[in-house]
Each structure stands twice: as C-alpha cells, then as structure tokens.
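Q: Okay, here's the structure, questions in a sec.
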Amino acid sequence: MLLEQIAVLTNQAIRQAFGMRVARVPLEFPHNRSFGDLTVNGFLLARELKRPPAGIAEELARCMGGLGPIDSAAAVDGYVNLRLIPEAIFQGSIPQVLQDPNRFGSNKEHSGKKLMVEYSAPNTNKPQHLGHMRTDFLGHSLSLILENASAEVVKANLYNDRGTHICKSMLTYQRWGDGATPESAGKKGDHFVGDFYVLFETRFKEERDAWIEANPDHYAAYKDKHGTDRKGRDVPEDKLQAKYAASFKDEHFDKIGLGRECQKMLLAWEAEDPQVRALWETMTAWVIEGMEKTYVDLGVSFDVVYRESETWQWGRAKVMEGLEKGVFQRRDDGAIEIDLRADKLDKKVVLRSDGTAIYVTQDIGTTIRKAEEHSLDGQVWVVGNEQIYHFQVLFKIMERLGYAWAEGLHHLAYGMVNLPDGKMKSREGTVVDADDLLSEVAGLAAEEVKARDPAGEIPADELEHRSRTIGLASLRFMLLKVSPKNDMMFDPAESVSFDGDTGARVLYAYARLKTMINSAGDETDSEELDLTVLTHEMERNLALSILSFTGATARAARDFNPSVIASFLIEFVRDLNRFYDRCPVLKEDDLAIRKARLELCRAAVEVLGRGAQLLGMPLLDRM
C-alpha cells in the first residue's frame, strides 16, 4: 500500500541520514493541506534519534525529495512536509479500497493478542440510563476497532446483582409490591423493579427527615462542627443541610427502619435464606429480561456474561495465596492488606478482619479467572473515571502477584454525561432511561425525515425504520465523538440534526453517495477507467482523506479511543461536501472525468460505511 511504501522509504532515508532505523515511522496527515499531503513528525523521532527535531527534518528532507511516489520534501519547524505525485495518490487509494472494501483500514496494532473488553456492567435494580449508553457504545465500538486491529476480542458484561442497592428494591417490593408483576403492571421488568428502587429512596428520606426532626440536637452538633469553612465563613444553610443528609445516610443508614431492614436482608441473602433468594432470583430475572431487550434495541451484544453473585467470592483464595507469597500482609486486627506506597499509591485492605470480601477482592478473583478461562493477553474495562484509582490499585496488585499479562490491563475511563438541565440521579427518579431516550430521539428523527418529505411519500413502516435507524446512529455518534476522558453534554435535538457534526449528517452523506452511485447505473463499470483525469484539488483532497482512514483506525486501536474514528468521519464528510461543491459528478459532461469521479465516490462510500460500522452505527441507503 502507498502509506507502507512511504514508511519504508522514510526509514531508508533515516538510515541514510543517521545510520539507524526506527520502530515506527510517524507519518501524519496535516490538518492544513497547504502544508503538504503527508508529514513526517520530527518531534516524535527526536528521542529515538537523539537529535533536535529541526535537524532531523532538514536531513530527511534532503534525502526524501523525488523518492518513489514522493514529488517533493520540505523541512518546516521540525516537520518534513511531503508532496506526493498525483497519480500515486489516486492509484494508492481508490483501487486499494475497491479491491477489498471490508479489509481497507484494517491494521496489525494488536495482532496475535486475545483481549477481553468488559463494558456496561449495570446494576440489576433499575433500567439503564444515558450514562450506561456511553459505556455500552464505547465498549461495543472499541471491540470492533480492536478486531479491526487483528485482535481476537471477547466482549464481556458483568451484572452487579448483589449488595445493598439490590436489596433496596427487594425490600420495598416485599412491603408494597402487593404481588404485582411486570406483566400485570404493563412495564418492562427493569423499569418495574426500578420504580421500587426509587420508592425506597422516597420512603427512606421520609424516615430520615422524621428522625432528624425528632433529634434536633444531632443536627445542631453537626452544625457546630461543620458550619464554617476553612476560612471561617458560614456555610450556606442549604448546602450544610445537604451535606448533613449525605453524612447521615453514610453513618446511620443501618440505624433506622428501612436501612436496618435492608442490611438484614443482605445478610440473609449471603446466608442463602431460601425466601430472600427466591425473591432475588425473581426480581433479577425481571430486570435482566428487560435489559436484554434494551441491548437488542441499542445494537449491543456480548460473548460472555458474568454475575457478581457468582464471582464475589472468587478473590478470597487468591488473596490467601498472595498472603503466603508475601505479596499481602496481615494487620494486627486480622485484616489483610497490600502496601503500595512504593508505587505512589496507598495501603489497601483486600480482605476484612472478619474474612469477608470487599469490592477489590472480587475484582482480584474475577480478573484472574477471566484471564485463565479465556487465555487472555489483556483486559480492558470501560468504566467511569471515578474508578481510576481503583483500577490503578487492581493493576498493581496483579503485577505484584506476578502475572505476565498484567501489563496488558487497561482502564478506559470515561467522563459523566450531563443533560442541558443538569446531572442525572437514578435514586431520585430524575434519570433519563435508555429506552425512553431512544424513543425520544427516534421521534425527533422522524420529524427531520418528514420535513424532507413534504408530499408524504414515505410509507409509515419505512418512516419508522428510518427514524429508529437515524435515532440510534445519532445517539451512538454523539456519545462517541467526544474523547472518553471528557465529561460531555448531550442534547437529543442536536444529535439528530442534519447540520453540524452529527451521526445524522454522516448517514445522510452515506445515503447521498449510495443514491448517486445507483443512479449512475452502468457508468460505475470500471472498464476503460482513467484516474489520471482527476486533477482538481478537491478530488485530490478526498483521495487523501480516504488514505488517512488507515491511520485513524490504527490510532483508535492504539489509544483505545473510538472518538478518533468519529473525528475522522466528521472531516471526511466535510471533504465530501467540498468535493460536491466544486466537482459535479453525474452532471459532468466529460465522460472520462465523470467515470473517474464516480469511481472516487465508490471508494468514498465504502470508507464512510466502514468508519460508521466501526462505531456500530446502522446505515441507510436512502434517507
């Protein structure tokens, strides 16, 4: 391929100039095409070559001009800007795509590796919400990107189906459910159970407020201690009361009615009380059935599914093995801990003094079990950024235990998803459920489609299909285009707009290309095709954009970052629109140019489709 050829030539020039080769040639496509068609980044070579970037660029520019497909090379501020021979650009892009469309953009970044990507991991006490959709789409898209990078990928889910949060829904159902079922209530099981989770918080707040009112001295003592900040200023009353309520819940949850009963139910569950277990199994089954329907609607799937109720004890034996090896230490109170201060972390308890497991205990066992069961070279967790420290500790523990695959552990941390009117709080019932949001976005998409069909020619069933497809694609794109590490704002109406950097616009660009190619009929026949007639700057830019797809897919796989693909698609659609504005296709009078531009469009639609598919976006041939 053209880029591989240029990488080889660059390495030859590096050897000629500096007497050595480099492991990876840093070829980049400049954002400003006036700089060149391709750039060699001297800054990324500086450490390996032990020379300043400017000197590297000047030496390489002298060696590279006129080599193979390289027309000219110029050193500018530590970069080597390359101009390529036009014929090489078109021959290196269009035929390469159409020869094997399903493989174009594939790479070897993770060749020979077997990786597990764990994502979603919902609690089985409520439906999934917008925040879950970000992990669902990130994990699913990342799995596709890693497969495209030659890895064998195992997609995994872990249902968090035990703990106090699960008992909250169970307890309120037991008290106030009156034997109702999802079927009798006319609701999906996850929504049905979620109502009881919200009810628990409502009733607990009522109990808490009554207790606080009956014990005014308790708040007064808290106010005396926490009523001023570090600078001696009074804390506003509303903020102080909110902090008090939160601290009260942490310290006194199990000291009043519902909280105490919830803790008793958890202990009964752990003791395998038959009545508690029967209720738990029934309600968990309701939730999982509902969630599986949501996964189908979201286009998300898994190869293996774990349940916390089955895995929570796995880590205990591994902790005891680590204790014998000296990796862990037993404290005077009987708890077992690991000292990670040498690695700029803290001491961490891995087993309580009474022998019960904690969260990290479970993860120790689950991580090892998954690696051994599936012979994994690496594991990726798609989990919110509030868990960064937890995974730093977990990965260091795996390293201390001596597992060679520990270097292949990765936490894809993502930020919070906010709505225009603020954060989501599922315990208060103000969360935006995934099912409702998908329906809302599909409805907004339907309005967009109908606005472009004033005569009402689209049949109702086709309108529904297009609307749901556009809605899902728009949701995926909006949640994936932001770098995972960043918090983001999600606006449903903006996501389905055909203007701006949206999934709807990507789908429209794809459908427009498909319609054009289908309208051309026999003219898409590549016989007597002459790509040398493509001389316009916008044709060249579109071909270069096609070439850049391979770099985008490799970078996305290397950085575990689907937003790289979304950014590529945004720029690609812009190049397409500039091409349309300046280069007529079906209306071009010159047959040779028309056929060549159609061939360019055929390559473009394949790349556009491949990029969208790596994000898990469904496609439409017509909008």
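Q: Beyond 29 Å, what percent of the Cα pairs of the range 116-418 remain?
A: 48
Q: Give the Rg/Rh ratio for the range 195-298, taking Rg as the radius of gyration of the Cα atoms and Rh as the Kirkwood radius, to two decimals.
A: My calculation of the ratio gives 1.15.
Q: May I pose another question? What is the pair-distance distribution P(r) of the range 112-165, computed from all Cα-Cα distances in 10 Å bins starting at 0, with each bin given as a whole percent?
A: 25, 43, 24, 8, 0
Q: To the nearest 10 degrees, how steeply does helix 359-374 sit against the main Cα axis of the chain, on a 0 to 90 scale?
A: 50
Q: Would you mind working out the magnitude of the charge dipole of the range 119-214 relative to its Cα centre, with +1 at each Lys and Arg C-beta and -1 at each Asp and Glu C-beta, to the nearest 20 Debye?
A: 40
Q: I've got another one for you. Note the angle between two axes, namely the Cα long axis of helix 591-614 and the longest principal axis of the Cα atoms of the chain, as a number of degrees from 0 to 90, rounded to the nearest 10.
A: 20
Q: Picking from Gln91, Gly415, Asn102, whose Cα lies most toward the positive end of the charge dipole for the chain (charges on Cβ: Lys, Arg +1; Asp, Glu -1)?
A: Of the listed residues, the answer is Gly415.
Q: If I model a spin label as a point 7 Å beyond the Cα along the Cα-Cβ vector, how far apart are those points for Arg330 and Leu463 in nm?
A: Output for this residue pair reads 7.3 nm.
Q: Can I ask one more? Would you grab the residues whose amide H sits under 5 Å from the one on Gln379? Only those 5+ places off in sequence or on another chain, please, with H modelled 1.01 Å from N.
A: So Gln379 has HN proximity to Met116, Leu409, His410.
Q: Using the alpha-carbon centroid of each, what span in Å lies between the range 275-311 and the range 550-623?
A: 39
Q: Between Rg and the Kirkwood Rh of the range 302-442, both from Cα atoms, what is the Rg to Rh ratio?
A: Looking at the range 302-442, the ratio lands at 1.05.
Q: How much net charge surrounds Ser111 when only other residues with a Cβ under 13 Å from its Cβ are counted (Lys, Arg +1; Asp, Glu -1)?
A: Local charge sum for Ser111: 0.
Q: Also, I was wondering about something else. When ranked by the protection proxy of mean other Cβ atoms within 10 Å per residue, highest first, what sequence do the peptides 220-230, 350-360, 128-138 form?
A: 128-138, 350-360, 220-230
Q: Sticking with the crude label model, points 7 Å out along Cα→Cβ, report the distance from Ser111 to Glu237 in nm, one decimal please.
A: 7.1
Q: Quote the convex hull volume per residue of the chain, based on C-alpha atoms, as a whole number of Å³.
A: Normalising the Cα hull of the chain by residue number yields 212 Å³.
Q: Give the long-range amide H neighbours of Ala357: residues separated by 5 or more places, or on another chain, with amide H under 5 Å away, using H modelled in the peptide plane at 1.01 Å from N.
A: Those lying under 5 Å, H to H, from Ala357: there are none.
Q: Kindly work out what percent of the DSSP beta bridges joining two residues of the chain are antiparallel, to the nearest 5.
A: Bridges in the chain are about 50 percent antiparallel.
Q: Here's a follow-up. If you restrict to DSSP beta bridges whose two residues both lie in the range 116-418, what percentage is antiparallel, to the nearest 5?
A: So the antiparallel bridges amount to about 30 percent of the total.
Q: Of the cross-linked pairs Lys50/Lys108; Lys205/Lys231; Lys318/Lys396; Lys225/Lys348; Lys155/Lys318; Lys325/Lys347, which ones have a Cα-Cα span greater than 20 Å in the structure shown?
A: Lys50/Lys108; Lys205/Lys231; Lys225/Lys348; Lys155/Lys318
Q: Ok, one more. Once the dipole of the chain is set up with Lys and Arg at +1 and Asp and Glu at -1 on Cβ about the Cα centre, which of Gly179, Gly378, Met538 lies farthest towards its positive end?
A: Comparing the listed Cα positions along the dipole, Gly378 ranks first.
Q: Taking Rh as the Kirkwood radius computed over C-alpha pairs, what is the Stokes-Einstein D of the range 2-84 at 10 °C in a medium of viscosity 1.306 mPa s, expressed in µm² per second?
A: Diffusion coefficient, whole number: 130 µm²/s.
Q: Ok, one more. Ranking request for peptides 400-412, 112-124: highest mean number of other beta-carbon atoms within 10 Å first, then the rest in descending order.
A: So the peptides 400-412, 112-124, ranked by packing, come out 112-124, 400-412.
Just so you know, all these numbers are worked out from the coordinates, no wet-lab data involved. Values in this document were obtained by computation on a predicted structure and should not be read as measured data. Every residue, glycine as well, gets a Cβ built from its backbone with ideal geometry; the counts of neighbours run over all protein chains shown.
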